[in-house]
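The values are calculated or read from the model by the stated rules, or taken from the named source; none is laboratory data. This is a predicted model, so every value here is computed, not measured. FYI the Cβ positions are ideal-geometry reconstructions off the backbone, even for glycines, and counts take in every protein chain you see. Just the protein is used for accessible areas: all its heavy atoms, side chains included, with ligands, DNA and RNA removed. Shrake-Rupley method; radii C 1.70, N 1.55, O 1.52, S 1.80 Å.
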Amino acid sequence: MQHELDLGKCRAAREFAIRKHGDQMRKYTGEPYWHHCGRVANQLIRYCASTEIVVAGWLHDTLEDTDATYEELVKEFGVESADIVLEVTNVSRSVHGTRPMRKRLDRQYLAGASWRGQMVKSADTIDNVPSIVAHDLHFAQVYVPEKRELMLTMIDIRQTCFPIWSFAWDVVKAGERSIAEQLIAKRNAA
């Protein structure tokens with residue numbers, strides 16, 4: 001379904017993300033963090049997302065990584081976008097145990113998210129996996145299998161907007177192949 005985007009609202013979300021993420025930088029590339037948010041939003045536009053979903057794409061990491069509050073998102077962008085951001089915000093904390101335990105909790109939470117939240121998480125996966133695989137082989141061996149498990153739990157997006165889920169799945173599978181190739185090359189070089 002094609003949606004007409006409210007470009008003013010999308011620009012406001014972009015400016016909010018830039019302001020809130022401030023001088024945060026991407027770990028491996030050193031680029032301003034908000035570039036990642038923009039790539040997620042653009043991926044959502046490519047799959048004909050509504051304004052509310054594109055706005056959530058811009059804002060998807062604000063509750064997790066900035067001082068933004070849910071109430072602030074509601075006031076600035078409305079309940080629907082704020083709820084989508086809440087759906088993709090990790091619920092686990094260090095007190096919840098080991099990384100595998102925390103990621104299982106986050107997967108369970110996201111499995112109950114709306115297809116809109118799962119759409120944002122798919123776009124996020126599309127942007128994150130290749131970067132991590134390219135820059136941190138050790139962490140990629142943990143991260144990519146987590147994303148594989150996550151993709152398998154996101155049933156609503158598969159039924160509602162299969163193309164973005166399928167592309168994210170293909171990105172995860174490509175990440176698995178790249179990890180295997182890098183490990184083989186490393187072993188052969190030793």
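Here are some notes:
- Using alpha-carbon coordinates, inclination of helix 162-189 to the longest axis of the chain, degrees: 30 degrees
- Per principal axis, descending, Cα span of segment 58-190 in whole Å: 56, 35, 23
- Once the Cα atoms are used to define both axes, helix 99-111 deviates from the longest principal axis of the chain by about 40 degrees.
- Links that overshoot a 23 Å alpha carbon limit, given the list K20/K75; K27/K75; K20/K103; K75/K147; K9/K103: K27/K75; K20/K103; K75/K147; K9/K103
- At full extension, D67 and R26 could sit 13.0 nm farther apart than now, given 0.36 nm per residue minus the alpha carbon distance.
- The distance linking segment 80-106 with segment 27-58 is 19 Å (Cα centroid to Cα centroid, whole angstrom).
- 20 °C / 1.002 mPa s Stokes-Einstein diffusion coefficient of segment 37-118, Kirkwood radius on C-alpha pairs, µm²/s: 163 µm²/s
- Across segment 90-96, computed HN-Hα scalar couplings (Karplus, 6.51 cos²θ - 1.76 cosθ + 1.60, θ = phi - 60°) run 4, 9, 6, 10, 4, 5, 7 Hz from first to last residue, x flagging Gly and Pro.
- Cβ-based charge dipole, the chain, positive-most Cα from F77, L183, H36: L183
- The H on the amide N of M25, modeled in the peptide plane, is under 5 Å from the matching H of Y33, each at least 5 residues off or on a different chain.
- Sum of -39500 (n - 2.57) over DSSP H runs of 4+, divided by residues of the chain (222 nm, nearest 500): -24000 deg cm²/dmol
- Entry comment: accessible area of the chain is 51 Å² per residue, from protein heavy atoms only and a probe of 1.4 Å.
- With every protein chain in place, segment 30-117: carbon and sulfur % of accessible area (1.4 Å): 53 percent
- Per-peptide packing, taken as the mean over residues of other Cβ atoms within 10 Å, places 38-48, 93-103, 123-133 in the sequence 123-133, 38-48, 93-103 from highest down.
- For segment 58-144, a crude dipole built from +1 on the beta carbon of Lys and Arg and -1 on the beta carbon of Asp and Glu, taken about the Cα centre, is about 600 debye to the nearest 20.
- Ligands, DNA and RNA excluded, the heavy atoms of S178 present near 30 Å² of accessible surface to a 1.4 Å solvent probe.
- Positive-end ranking of W165, L110, V133 along the dipole of segment 78-190, with charges on Cβ about the Cα centre, is headed by V133.
- Rounded to the nearest 20, the Cβ-based charge dipole of the chain about its Cα centre (Lys and Arg +1, Asp and Glu -1) stands at 760 debye.
- Using θ = phi - 60° in the Karplus curve 6.51 cos²θ - 1.76 cosθ + 1.60, the 3J(HN,Hα) couplings for segment 47-64 round to 9, 6, 5, 6, 4, 4, 6, 4, 4, 4, x, 4, 9, 4, 9, 5, 6, 7 Hz; x is entered for Gly and Pro.
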